[in-house]
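Since every read-out is calculated from the coordinates, none of them should be taken as a lab result. Just so it is clear, the structure is predicted and the values come from calculations on it, not from any experiment. All Cβ positions, even for glycine, are placed from backbone atoms using ideal geometry, and neighbour counts span all protein chains on display.
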């Protein structure tokens, strides 16, 4: 599978999702042939017409792509000169990608839930996650003498594509913009571990909402089919590496 996330599309939708309040009427009803679903707990869920997610009880998880919001380094360094470096940003996105995988797989596998797979199959979906517009309010860059107090650790947006592992067909796309608050919105001391804990909380929320949605689809449809249908192609390994750099926009 060679499809990659498209940051230009993510950014356009993220701008809408981050508006207050988020209204379904402001979102496009169709995106790349996918249809906006009503009454979901996430900011936006798009599904291919006629598609049921009930048959999937396994998933392959591609490494999460993480990207700071545009202009983040300049914005932070304007407040405290030379406080944020490209090296720190790269390290932070790598750490968050690892944390996403750890937290997401933990939630998905709880209580005999969805099994993670490295092979294709008729009951295997491929999840391609991305965290975009990452905005850490007070980055902990370990500068001596710098202490930050914040009311919110920051915000980030989830962009998740779901593919059928056998056909490589895009069957769903999920967006959710999230911001974290600590101590009921009160002021708290910002630290690296504190920021990571806030990110873990948001990732857990995302994973639980996605898992509950998949479980609801399976319950509504009854038991999923057992075994592959006749003539199913032999399983193959699913590529899990995230793109090293975001792809450029493609014209239609």
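A few comments on the model shown:
- Computed E for residue 116/residue 74 - FRET, C-beta separation, R0 35 angstrom, nearest 0.05: 0.35
- As a rough guide to protection, the peptides 208-214, 69-75 ranked by mean Cβ packing within 10 Å, highest first, stand as 208-214, 69-75.
- Spin-label model distance (nm) - residue 221 vs residue 208, 7 Å beyond Cα toward Cβ: 2.6 nm
- Residue ranges 200-207, 157-164 sort as 157-164, 200-207 when ordered by packing (mean number of other C-beta atoms within 10 Å per residue, highest first).
- Order by protection proxy (mean Cβ within 10 Å, highest first), peptides 81-93, 112-124, 53-65: 53-65, 112-124, 81-93
- Here r is the Cβ-Cβ distance between residue 36 and residue 102 and R0 is 25 Å; the resulting FRET efficiency, rounded to 0.05, is 0.20.
- With the cut-off at under 15 Å, measuring from each backbone N in region 28-69 to a point 7 Å along the Cα-to-Cβ line of residue 109 picks out 58-62.
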